[in-house]
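Following: one structure in structure tokens, then a few remarks.
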Amino acid sequence: MLSERQRRWRETNRLTSSRLVLARKVLQEIHEGREVMSALRQHPLEGGGYLTKAALVAAYQQMVAAGVVNVDAPLLERIRMKPVRTLSGVTTVTVLTKPYPCPGKCIFCPTDVRMPKSYLPDEPGAMRALEHDFDPYAQVHARLHALRSLGHPVDKIELLILGGTWSAYRRDYQEWFVARCFDAMNEFEIEPAGPMPGAAGSTPGDGTGLAEQHSRNESAGSRNVGLVIETRPDEITPDELRWLRQLGVTKVQLGAQSLDDRILDLNQRGHDVACTRRAVSLLRAAGFKIVLHWMPNLLGASIESDHVDFGRLWAGMCPDEIKIYPNQLLANAELYEVWKRGEFTPYTTHELIGLLADLKPTIPRYCRVNRIIRDIPSTNVVEGNRRTSLRLDVHAELQRRGARCQCVRCREVRDIPVESEQLFFDDLIYSADHAEEHFLSFNTPQDGIAGFARLSLPTRQSSSTQMEELKGAAMIREVHVYGQSLAVGAERAGAAQHSGLGTRLLAQAETIAAGLGFSRLAVISAVGTRQYYLERGYERGDLYLLKSLRR
Ligand code: SF4
């Protein structure tokens with residue numbers, strides 16, 4: 001059954017023959033240089049309104065398939081909606097797990113019985129999940145379909161699983177959920193636009209095996225190049241690491257929130273800083289990419305204490321990515337009662353912009369800032385900042401100050417063509433807890449980052465993952481090359497993704513690790529990138545791909 005929203009979407013984007021004629025005229029004008037919106041407005045629909053960009057992309061694809069027009073990649077790029085969504089090289093598909101409680105009792109965290117803990121039903125991703133009754137297959141299928149309709153490539157997928165604390169769900173549910181997501185990616189090519197086979201009525205334990213879905217995905221049209229879950233620091237144990245690898249997880253989002261025990265306690269996080277530190281060390285030793293959530297303006301914090309707290313992130317934990325989630329006062333969180341008693345004051349937008357503009361230039365060059373505000377519609381915010389475009393505000397403030405953020409995101413080359421021979425190699429070495437980290441990167445003369453790898457060299461004190469295959473091995477935790485996510489085999493001049501940077505980064509990592517006495521290199525590979533490493537001399541281990549380093 002289609003939801004009302006889906007029905008409306010389909011109707012708006014339906015391609016009748018008259019719309020096709022119109023689309024052809026619009027495309028011709030765009031091809032001749034006219035701006036997309038202006039060309040669309042020049043050709044209104046008969047009953048009023050205009051063709052949508054999605055309909056235009058669909059018309060273009062239909063005409064290419066019918067041989068009416070030739071493939072025109074630059075034209076597609078111009079009409080593609082929100083090209084930035086795939087500029088970091090992969091297409092992200094976000095799905096939510098079913099409503100479920102969380103062992104945490106954090107006072108700032110909203111509760112809504114229709115949602116997994118901490119999510120609100122009017123957040124964009126949550127709305128989509130609700131429409132599909134949290135069915136993993138249906139969510140992935142619908143998202144792939146929508147992204148492709150908007151002209152985005154869907155051959156390299158990072159799957160982002162959100163919803164409270166992943167590790168608190170029963171393991172049979174987790175396994176089923178991931179297997180169904182993979183099933184949807186595996187079937188997508190076979191089932192381009194039709195119904196969703198097997199979506200309805202499937203339940204945990206009815207088991208299309210995870211191992212089988214993984215193995216199918218290694219050669220599927222939509223390959224999984226990253227699998228991300230979010231959990232609490234106190235859930236990370238050697239046993240959990242092994243389980244996450246069995247599921248195919250490559251990146252873990254961990255709620256750190258603060259690095260001050262007093263503030264963690266006041267906000268009833270239920271764990272201390274030492275626990276977060278232990279969890280980060282374990283994740284690093286097992287090769288996971290580490291995303292920490294950090295929250296300014298928690299109960300008990302001040303602008304001054306937040307400055308200090310943020311600085312603690314880089315002394316040992318050194319996350320690869322961060323999400324800054326300023327605390328937001330919501331009516332369905334316990335903090336609301338504290339605020340009513342006059343014991344909590346949210347920062348103003350002005351204060352928040354000032355704080356974040358102070359912090360951003362201090363972020364090390366190896367870290368990527370994924371978000372600086374949560375995607376909560378402002379109508380939910382009782383008091384304090386309501387602007388969701390905070391990133392733009394902060395960047396405007398940085399510009400006004402003549403300051404610059406050098407995080408990975410701010411330096412990504414995105415869609416700018418790169419000249420391979422002009423790139424220079426950099427090895428940024430830093431010390432994290434129990435590991436020497438090498439952030440290897442290829443950079444443009446303008447300090448743009450075209451690709452990078454994270455090489456982790458465990459020290460003797462490294463946390464024990466209890467995984468035999470990792471003993472004594474150096475670890476590649478990430479290889480990422482930028483450029484618009486291109487369909488496999490679709491070359492484009494200057495696109496970093498296809499200029500062999502990945503192979504060059506691997507070679508550098510191997511040389512460095514061998515030079516420092518490591519005889520083996522392990523790589524944490526997503527299911528869909530296993531072939532990539534196998535083709536470069538790596539061999540299948542139990543949960544990792546491995547290579548001997550001969551000196
Ligand atoms: S651990 Fe996360 S999801 Fe659970 S209550 Fe705390 S903030 Fe909410």
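Where the second residue is of a type in the set (Phe, Trp, Tyr) and assigned to a loop (DSSP other than H, G, I, E, B) and the first is open to solvent by less than 20 Å² (accessible area, probe 1.4 Å) and lies in region 104-119, which pairs have Cβ atoms under 6 Å and are six or more apart or on separate chains?
116/100
Tell me, yes or no, whether region 250-263 has at least one residue that is over 17 Å from residue 324 (Cα atoms) and open to solvent by less than 10 Å² (accessible area, probe 1.4 Å).
Yes: one or more hits.
Residue 452 - would you say it is among the hydrophobic types (A, V, I, L, M, F, W, C), at pLDDT 90 or above and open to solvent by 10 Å² or more (accessible area, probe 1.4 Å)?
Numbers: among the hydrophobic types (A, V, I, L, M, F, W, C): yes; at pLDDT 90 or above: yes; open to solvent by 10 Å² or more (accessible area, probe 1.4 Å): no.
The answer is no for residue 452.
Provide a single number: the residues in region 470-482 that are open to solvent by 10 Å² or more (accessible area, probe 1.4 Å), of a type in the set (D, E, K, R) and under 14 Å from residue 525 (Cα atoms).
Within region 470-482, residues that are open to solvent by 10 Å² or more (accessible area, probe 1.4 Å), of a type in the set (D, E, K, R) and under 14 Å from residue 525 (Cα atoms) number 1.
Collect the residues in region 384-396 that are at pLDDT 95 or above and either touching a Gly at 6+ places or on another chain (Cβ under 7 Å) or surrounded by fewer than 16 Cβ atoms within 10 Å (Cβ to Cβ) (or both), keeping them in residue-number order.
If the condition is that a residue be at pLDDT 95 or above and either touching a Gly at 6+ places or on another chain (Cβ under 7 Å) or surrounded by fewer than 16 Cβ atoms within 10 Å (Cβ to Cβ) (or both), then 396 is the only one that fits.
Evaluate region 132-140: report whether one residue or more is outside any loop (DSSP other than H, G, I, E, B) and within 14 Å of the ligand (Cβ to nearest atom).
Taking region 132-140 as the starting set, the residues that turn out to be outside any loop (DSSP other than H, G, I, E, B) are 136-140.
In the following step, the residues that additionally are within 14 Å of the ligand (Cβ to nearest atom) were identified as none.
Looking through region 132-140, none of the residues is outside any loop (DSSP other than H, G, I, E, B) and within 14 Å of the ligand (Cβ to nearest atom).
Looking at region 397-415, which of its residues are loosely packed, with under 13 Cβ neighbours inside 10 Å and part of a helix (DSSP H, G or I)?
Matches in region 397-415: 399, 400, 401.
Kindly establish whether residue 90 is more than 15 Å from the ligand (Cβ to nearest atom) and either in contact (Cβ under 8 Å) with a residue 40 or more places away in the chain or surrounded by fewer than 18 Cβ atoms within 10 Å (Cβ to Cβ) (or both). Write out each step before concluding.
Values: more than 15 Å from the ligand (Cβ to nearest atom): yes; either in contact (Cβ under 8 Å) with a residue 40 or more places away in the chain or surrounded by fewer than 18 Cβ atoms within 10 Å (Cβ to Cβ) (or both): yes.
Taking the combined requirement at face value, the residue satisfies it.
Would you confirm, using the coordinates I've provided, whether residue 40 is open to solvent by less than 20 Å² (accessible area, probe 1.4 Å) and either part of a helix (DSSP H, G or I) or modelled with pLDDT under 75 (or both)?
In short, yes.
With the requirement that a residue be assigned to a loop (DSSP other than H, G, I, E, B) and touching a helix residue (DSSP H, G or I) at 6+ places or on another chain (Cβ under 7 Å), what does region 416-441 give you?
Narrowing region 416-441 to residues assigned to a loop (DSSP other than H, G, I, E, B): 416-419, 423, 433-434.
Within region 416-441, 418, 433, 434 qualify.
Please state which one of 314, 294 is open to solvent by 30 Å² or more (accessible area, probe 1.4 Å) and in contact with a strand residue (DSSP E or B) (Cβ under 9 Å, 6 or more places away or on another chain). Walk me through how you get there before you give the answer.
Numbers: 294 fails: open to solvent by 30 Å² or more (accessible area, probe 1.4 Å).
Among 314, 294, only 314 is open to solvent by 30 Å² or more (accessible area, probe 1.4 Å) and in contact with a strand residue (DSSP E or B) (Cβ under 9 Å, 6 or more places away or on another chain).
Being open to solvent by 10 Å² or more (accessible area, probe 1.4 Å), within 12 Å of the ligand (Cβ to nearest atom) and closer than 25 Å to residue 439 by Cβ is true for just one of 230, 235. Which residue is that? If you could, list the steps in order and put the result at the bottom.
On the way: 235 fails: closer than 25 Å to residue 439 by Cβ.
The conditions single out 230.
Any residue at all in region 411-427 that is in contact with a Phe, Trp or Tyr (Cβ under 9 Å, 6 or more places away or on another chain) and within 19 Å of residue 267 (Cα to Cα)?
No, region 411-427 contains no residue that is in contact with a Phe, Trp or Tyr (Cβ under 9 Å, 6 or more places away or on another chain) and within 19 Å of residue 267 (Cα to Cα).
Mind listing whichever residues of region 525-549 are part of a loop (DSSP other than H, G, I, E, B) and farther than 18 Å from residue 503 by Cβ? Can you show your working first?
Pass one, region 525-549, residues part of a loop (DSSP other than H, G, I, E, B): 525-526, 535-538, 541-544, 549.
If the condition is that a residue be part of a loop (DSSP other than H, G, I, E, B) and farther than 18 Å from residue 503 by Cβ, then 541, 542, 543, 544 are the ones that fit.
Residues of region 103-128 being among the charged types (D, E, K, R) and near the ligand (Cβ under 8 Å from one of its atoms), which ones? Break it down into steps so the answer makes sense when it comes.
The initial filter retains those residues of region 103-128 that are among the charged types (D, E, K, R), namely 105, 112, 114, 117, 122-123, 128.
The answer is 105, 117.
Yes/no matrix, rows are residues, columns are (1) of a type in the set (Gly, Ala, Ser); (2) within 14 Å of residue 324 (Cα to Cα); (3) over 25 Å from the mean Cα position of the chain (by Cα):
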residue	(1), (2), (3)
357	yes, yes, no
360	no, yes, no
375	no, yes, no
387	no, no, no
392	no, no, no
406	no, no, no
413	no, no, no
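Within the set of pairs 6+ apart or on separate chains, which have a first residue in region 522-536 that is open to solvent by 50 Å² or more (accessible area, probe 1.4 Å), a second that is of a type in the set (Val, Ile, Thr), and C-beta atoms under 7 Å apart?
Close Cβ pairs satisfying both conditions: 536/503.
Given the criteria in a helix (DSSP H, G or I), closer than 30 Å to residue 270 by Cα and either open to solvent by less than 40 Å² (accessible area, probe 1.4 Å) or modelled with pLDDT under 75 (or both), does residue 129 qualify?
Details: in a helix (DSSP H, G or I): yes; closer than 30 Å to residue 270 by Cα: yes; either open to solvent by less than 40 Å² (accessible area, probe 1.4 Å) or modelled with pLDDT under 75 (or both): yes.
In short, yes.
Residue-wise test of (1) assigned to a strand (DSSP E or B); (2) open to solvent by 10 Å² or more (accessible area, probe 1.4 Å).
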residue: 224; (1), (2): yes, no
residue: 274; (1), (2): no, yes
residue: 287; (1), (2): no, no
residue: 300; (1), (2): no, yes
residue: 305; (1), (2): no, yes
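Quickly run through region 151-168 and pick out the residues that are crowded, with 22+ Cβ neighbours inside 10 Å, within 16 Å of the ligand (Cβ to nearest atom) and not in a helix (DSSP H, G or I).
Within region 151-168, 161, 163, 164, 165 meet the criteria.
Quick check on my filter: what residues within region 367-379 are closer than 14 Å to residue 410 by Cα and open to solvent by 10 Å² or more (accessible area, probe 1.4 Å)? Talk me through it step by step, then tell me what you get.
The first filter runs over region 367-379 and keeps only residues closer than 14 Å to residue 410 by Cα, leaving 367-372.
Selection gives 368, 370, 371.
Criterion first (hydroxyl-bearing (Ser, Thr, Tyr), open to solvent by 60 Å² or more (accessible area, probe 1.4 Å) and more than 21 Å from residue 544 (Cβ to Cβ)) does residue 420 satisfy it?
On the way: hydroxyl-bearing (Ser, Thr, Tyr): yes; open to solvent by 60 Å² or more (accessible area, probe 1.4 Å): no; more than 21 Å from residue 544 (Cβ to Cβ): yes.
Criteria not met by residue 420.
For residue 383, indicate whether it is more than 22 Å from the chain's Cα centre (by Cα) and among the acidic types (Asp, Glu).
Working: more than 22 Å from the chain's Cα centre (by Cα): yes; among the acidic types (Asp, Glu): yes.
Criteria met by residue 383.
The values are calculated or read from the model by the stated rules, or taken from the named source; none is laboratory data. Remember, predicted model here, so these are calculated numbers, not experimental data. Methodologically, a virtual Cβ is constructed for each residue, glycine included, from the backbone with ideal geometry; neighbour enumeration extends over all protein chains shown. SASA here: full protein model, heavy atoms, side chains in, ligands and nucleic acids out. Shrake-Rupley method; radii C 1.70, N 1.55, O 1.52, S 1.80 Å.
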